[in-house]
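Notes follow the structure.
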Amino acid sequence: MFRAAAIFLVFASSLIARDFDPKRDVFAFSNDTVMNYSVTHDGRLHVGEKKAKSDKPTHCCFLFTRSAMQFWKFAHFEPKQPRLPDAEYRARVRAVFRIPTWMGRKERIVFPGYADLWSFSREHEKILRADLGSWLLTYLRIGNWRMMNPVIRLQQRHFAEKLFADVSKGGVRAMYLAKFPHMNHVVLAYHAERLAGGGMRFQVYDSNYAGEPKRLDYVPRSNLFDFEKCFYWPGGELRAFPVYDSPLH
């Protein structure tokens, strides 16, 4: 029992801090949309029913983002240590997922036998998917009502500056992207840079694209964010809000 506890936890202060890596600190499998999305050649979004049910998780962008953030903050991988039985890995995954994302780092839960979340999730997708949590509860989060609020552009500028400061210091921030009625998505910002003219560019982890970073810009002339074109979004301006940084968000 005593030996197991020593392996299970490592003090965060004893580890060398490192930046979030979009090739290591994300899941090797991806989230999917329930509906079929496509963007026409003239930039219009088309939404229709899928002909076949996806074998990927759906409705889970909140859960993927929260979980990637928890692993980055509260887990530590030791590739040179021997691997454990699945039951032990499952217990450690659940322990990571129980820690609120807004908590500070004190101890990290050790995952022996793997170098990072990408390699661990590639072999243990079933364990992780079973314990991600309920997607339905994420749709009932208190902070989701902000999607329906009037646009307060100065609030967007304030959030962009706060986001830039936090990410530039080596942190990661979960962001709720919203534009009624078609955009309701969560991404994880991990890199920031200044652009000419006062803009800001953020690199984000999008759970719909495993291992493929996405771009989100803050546009000062409109005081809104601009998310790049992808299969479920034609590209363009939207709002962004903090999420998973307190019980109310």
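Identify, from the list Gly197, Gly211, the residue that is at pLDDT below 95, under 25 Å from Asp21 (Cβ atoms) and outside the structural domain of Ala28 (by TED's automatic domain parsing). Before you say what the answer is, go through the steps one by one.
Details: Gly197 fails: under 25 Å from Asp21 (Cβ atoms).
Going through Gly197, Gly211 in turn, just one is at pLDDT below 95, under 25 Å from Asp21 (Cβ atoms) and outside the structural domain of Ala28 (by TED's automatic domain parsing): Gly211.
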Item to check | Given (1) closer than 16 Å to Ala130 by Cα; (2) at pLDDT 95 or above, index of the condition Trp72 fails | outcome: (1)
Checklist outcome for this item: Subset of segment 60-85, residues over 15 Å from Leu117 (Cα atoms) and in contact with a Lys or Arg (Cβ under 9 Å, 6 or more places away or on another chain), comes to Cys60, Phe62, Leu84
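Only one residue in Leu224, Leu248 is under 17 Å from Phe159 (Cβ atoms), out of contact with any His (no Cβ under 8 Å at 6 or more places or on another chain) and modelled with pLDDT under 95. Which one?
Leu248
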Next on the checklist: Arg173 - would you say it is in contact with a strand residue (DSSP E or B) (Cβ under 7 Å, 6 or more places away or on another chain) and within 26 Å of Met103 (Cα to Cα)?
Outcome noted: yes
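The values are calculated or read from the model by the stated rules, or taken from the named source; none is laboratory data. Everything quoted here is computed from the prediction, not taken from an experiment. Cβ sites come from the backbone with ideal geometry, for glycine too, and all protein chains shown count toward neighbours.
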